[in-house]
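Report on one structure; see the data block that follows.
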Amino acid sequence: MSEPTDALFTNSAVSRLLDLAATSRLPGGAPLEDELDRFCRTLRDGGTLAWAVPLAAVTALLELLAEDAASPAGRTRPAAHRDLLARAAGDAPAPDFLRSLAAHLRDRERELSPGLDALPLSQWEALARFGLIDGFTHVFESGDHDDLAGAAREAATSEHPSDCHGRIAALAGELQRTLLMFPRPHDLDAAFAKVMPEVTHPRLRALLDAVLEHFAEAH
């Protein structure tokens, strides 16, 4: 039977971090230090997220989990957590590995995260930071429209009127922010080419125009 606290071990910022660490050990995996930089960059991406999940809190949780893993209680934690922790730690003792992760994050608290020019987006980071864009730009791949404007209008009006003030408004903000992050079209296209190939500057521009036009006409 699952305990209410099991989510700390299986569905939290720490479990995401352990999953990145485990994946980095696979053949062709990204270096762990790069993944830690991306993790920190993602948490710092927006004020709301940084407020809800500060890096200092994640560091403290790692330290607590290190103590837990070194105690008899560690053997009673969810099997999924124990398996993930073992894969992430590799040959290192789990408590030592968790403390090393905490030390890395503590160092990064005092430094600015690298920019996208220095450390390109990974797929997981792109999905975490630009999830709405990913969901709505798939309309351009459907083949149902011959032009960008028609596809963009379909996406912009797809959740009218039920969620225009929710997801569509959030989409507008995500689009505007992304276009500001990459003022040069070819930089945007290059940043997303490997992680979200359906995302291009012309498509984002058309989608933002369609959303703003819909807001002006219908709201």
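Tell me, please, whether a residue that is aliphatic (A, V, I, L, M), in a helix (DSSP H, G or I) and exposed (fewer than 13 other Cβ atoms within 10 Å of the Cβ) can be found in region 69-76. Scanning region 69-76 turns up at least one residue that is aliphatic (A, V, I, L, M), in a helix (DSSP H, G or I) and exposed (fewer than 13 other Cβ atoms within 10 Å of the Cβ).
The one condition from (1) in a helix (DSSP H, G or I); (2) under 28 Å from Asp187 (Cβ atoms) that His104 does not meet is (2).
Just to be sure, is Ala80 without any contact (Cβ under 8 Å) to a residue 40 or more places away in the chain and either of a type in the set (S, T, N, Q) or farther than 16 Å from Glu125 by Cα (or both)?
Taking the combined requirement at face value, the residue does not satisfy it.
Applying the selection to region 32-67, what residues are of a type in the set (S, T, N, Q) and closer than 19 Å to Leu98 by Cβ? Lay out the reasoning, then the answer.
Taking region 32-67 and keeping what is of a type in the set (S, T, N, Q), we get 42, 48, 59.
Passing the criteria: only Thr59.
Helices (runs of 4 or more DSSP H) fully within region 126-214 that include at least 1 residues being within 24 Å of Cys40 (Cα to Cα): 131-137, 169-181, 185-192.
Are any of the residues in region 37-52 closer than 30 Å to Gln176 by Cα, among the acidic types (Asp, Glu) and surrounded by 16 or more Cβ atoms within 10 Å (Cβ to Cβ)? Write out each step before concluding.
To start, the set of residues in region 37-52 that are closer than 30 Å to Gln176 by Cα comprises 37-52.
With among the acidic types (Asp, Glu) added as a condition, the list becomes 37, 45.
Of the ones still in play, those that are also surrounded by 16 or more Cβ atoms within 10 Å (Cβ to Cβ) are 37, 45.
Taking every residue of region 37-52 in turn, at least one turns out to be closer than 30 Å to Gln176 by Cα, among the acidic types (Asp, Glu) and surrounded by 16 or more Cβ atoms within 10 Å (Cβ to Cβ).
Leu171 meets the conditions (1) more than 28 Å from Val53 (Cα to Cα); (2) open to solvent by less than 10 Å² (accessible area, probe 1.4 Å); (3) of a type in the set (A, V, I, L, M) in every case but one. The failed one is (1).
Hey, among the residues in region 53-68 that are β-branched (Val, Ile, Thr) and under 19 Å from Arg129 (Cβ atoms), which one's least open to solvent (accessible area, probe 1.4 Å)? Even if it seems obvious, please write down each step before you answer.
Going through region 53-68, the residues β-branched (Val, Ile, Thr) turn out to be 53, 58-59.
Checking the rest, the ones that are also under 19 Å from Arg129 (Cβ atoms) come to 53, 58.
Values: Val53: 42, Val58: 2 Å².
Checked region 53-68; the qualifying residue least open to solvent (accessible area, probe 1.4 Å) is Val58.
Select from region 77-133 the residues that are modelled with pLDDT of 95 or more, farther than 17 Å from Ala57 by Cα and among the hydroxyl-bearing types (Ser, Thr, Tyr) and list them in ascending order. Ser122 - this is the single residue of region 77-133 that is modelled with pLDDT of 95 or more, farther than 17 Å from Ala57 by Cα and among the hydroxyl-bearing types (Ser, Thr, Tyr). Contact annotation: residue pairs with Cβ atoms under 9 Å, 6 or more positions apart or on different chains, pairing a residue in region 152-166 that is touching a residue at least 12 places away in the same chain (Cβ under 8 Å) and under 12 Å from Phe140 (Cα atoms) with a partner that is buried (at least 17 other Cβ atoms within 10 Å of the Cβ) and among the hydroxyl-bearing types (Ser, Thr, Tyr), are Ala155/Thr137. Checking every residue in region 44-66 against the condition of being within 18 Å of Pro95 (Cα to Cα), in contact with a helix residue (DSSP H, G or I) (Cβ under 8 Å, 6 or more places away or on another chain) and touching a residue at least 60 places away in the same chain (Cβ under 8 Å) gives zero matches.
Take Leu121 and tell me if it is within 16 Å of Arg16 (Cα to Cα) and surrounded by 14 or more Cβ atoms within 10 Å (Cβ to Cβ). The answer is no for Leu121.
The values are calculated or read from the model by the stated rules, or taken from the named source; none is laboratory data. Keep in mind the model is a prediction, meaning the values are calculated, not measured. Note that each Cβ is placed from the backbone with ideal geometry, even for glycine, and that neighbours are counted across all protein chains shown. For accessibility, only protein heavy atoms count, side chains too; no ligands or nucleic acids. Shrake-Rupley method; radii C 1.70, N 1.55, O 1.52, S 1.80 Å.
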